[in-house]
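**Student:** Attaching a single structure in structure tokens format; questions to follow.
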Amino acid sequence: MKSILIIEDDEILNAGLCYNLNLEGYETVPAYNIDSAKTIFPEQEWALCILDVNLPDGDGIDYGKVIRKQSRVPIIFLTARDMDEDMIRGFSAGADDYITKPFNVKILMQRVHAILRRCQEAEESIYRCGNLEIDFKNYIVKKNGKALTLTPTEYKLLFQLCKNPGNVLTRQILLEELWDKNENYVDEHTLTINISRLRAKIADEKYVYIKTIYGLGYQWIGEKYE
């Protein structure tokens, strides 16, 4: 069950949001000011944070900046301010959406669903193994949190290996995958060089990732140690 933190000092509105989100199958936790939110927020993982801009003990947008430094949790700002400058400030603080009061609860629910659906799709496109994080949708590969620069050929190899963990991919299978739309040929020597370069970029003294199966091809063995 996805958990949503609702930081809103209007107790009736907070209760109404909790009620409607609970009906949709979400777990909700209310907070009525920044001070209580600071205590509650670190206690668990959140799928979403709904944050009022005008809180009795501070500016919600400023607190949103604090949250964004700590977490990638999506944030929806709620506010009675509808000036363009206020909306820009909210999005600059890391908002995923900005909803002005009064609002239609049904529309808010749809925006919540849309944000969580996008987050789910983004999460599913990310593959984590050992000290690697690979975002297949956006073609981003990180090692220990730092982005790696891979050539298109290296990325194609990595993609095929990760898609088939534990399976031996023959050199012929990999060569066929490396053909591009213009049918530019990749020979076995080029394959060997690209595998070697890919290994050098992703492996280290702790993680192997790619195992050579002599006479056959290569196998993704994940985070096994040497």
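The values are calculated or read from the model by the stated rules, or taken from the named source; none is laboratory data. Note that the structure is a prediction, hence the values are computed from the model and not measured. All Cβ positions, glycine included, derive from the backbone under ideal geometry; neighbour counts span all protein chains shown. Heads up: the accessible areas ignore ligands, DNA and RNA and are worked out on the full protein's heavy atoms, side chains in. Shrake-Rupley method; radii C 1.70, N 1.55, O 1.52, S 1.80 Å.
**Student:** For segment 29-152, state the average projected area of the convex hull of the C-alpha atoms over all orientations, rounded to one decimal in nm².
**Tutor:** 9.5 nm²
**Student:** Further question on the same structure: What is the spin-label model distance, in nm, from TYR155 to THR192 if the labels are put 7 Å beyond Cα along the C-beta direction?
**Tutor:** So the label points at TYR155 and THR192 sit 2.7 nm apart.
**Student:** Here is a follow-up. Just to check, using Stokes-Einstein with a Kirkwood Rh over alpha carbon pairs, what's the diffusion coefficient of the chain at 37 °C and 0.692 mPa s in µm²/s?
**Tutor:** 159 µm²/s
**Student:** Compute the length gained on full extension between MET1 and ASN138: take 0.36 nm times their separation in residues and subtract their Cα-Cα distance, giving the result in nm to one decimal.
**Tutor:** 46.6 nm
**Student:** Quickly rank 51-57, 10-16 as a protection proxy: mean count of other C-beta atoms within 10 Å, highest first.
**Tutor:** The peptides rank, most packed first, as 51-57, 10-16.
**Student:** Same structure again: Express as a percent, rounded to the nearest 5, the fraction of DSSP beta bridges in the chain (both residues included) that run antiparallel.
**Tutor:** Antiparallel bridges make up about 55 percent of those DSSP assigns within the chain.
**Student:** Using every Cα-Cα pair within segment 1-60, state what percent have a distance larger than 16 Å.
**Tutor:** Distances greater than 16 Å cover 38 percent of the Cα pairs.
**Student:** Leaving out ligands and nucleic acids, and using a 1.4 Å probe, what accessible area per residue does the chain come to in Å²?
**Tutor:** Counting only protein heavy atoms, the per-residue value for the chain is 57 Å².
**Student:** Cα to Cα, under 18 Å, and not fewer than 8 places away if on the same chain: which aspartates and glutamates meet these conditions relative to LYS142?
**Tutor:** Here the aspartates and glutamates satisfying the reach criterion relative to LYS142 are GLU123, GLU124, GLU133, GLU154, ASP204, GLU205, GLU223.
**Student:** Further question: Pairs LYS101/LYS137; LYS65/LYS206; LYS2/LYS201; LYS38/LYS206; LYS143/LYS163; LYS156/LYS206: which are spaced more than 26 Å apart, C-alpha to C-alpha?
**Tutor:** Table pairs above 26 Å Cα-Cα are LYS101/LYS137; LYS65/LYS206; LYS2/LYS201; LYS38/LYS206.
**Student:** What whole-number value in cubic angstrom gives the convex hull volume per residue for the C-alpha atoms of segment 63-129?
**Tutor:** Enclosed volume per residue, from the Cα hull, is 91 Å³.
**Student:** Could you please report the charge total around ASN144, scoring K, R as +1 and D, E as -1 over all other residues with beta-carbon less than 11 angstrom from its beta-carbon? Working shown, then result.
**Tutor:** Values: positive: LYS142, LYS143, LYS146, LYS206; negative: GLU133, ASP204.
Combined, the nearby Lys, Arg, Asp and Glu give +2.
**Student:** As an exercise, identify the chymotrypsin sites (Phe, Trp or Tyr not before Pro) in segment 130-204 lying in DSSP coil whose Cβ has no more than 10 other Cβ atoms within 10 Å.
**Tutor:** Answer by residue number: TYR185.
**Student:** Evaluate E = 1/(1 + (r/R0)^6) for ALA80 and GLU11, where r is the Cβ-Cβ distance and R0 equals 22 Å; express this FRET efficiency to the nearest 0.05.
**Tutor:** Details: r = 17 Å, r/R0 = 0.75.
According to the calculation, E is roughly 0.85.
**Student:** Another question, then. Share of the chain's accessible area from carbon and sulfur, percent, 1.4 Å?
**Tutor:** Values: 6560 of 12970 Å².
The computed percentage sits at 51.
**Student:** Just from its helices, what would the mean residue ellipticity at 222 nm be for the chain, if runs of 4 or more DSSP H residues each count -39500 (n - 2.57) and the sum is divided by every residue, rounded to the nearest 500 deg cm²/dmol?
**Tutor:** Details: 8 runs with 95 residues, N = 226.
Theoretical 222 nm ellipticity from helices: -13000 deg cm²/dmol.
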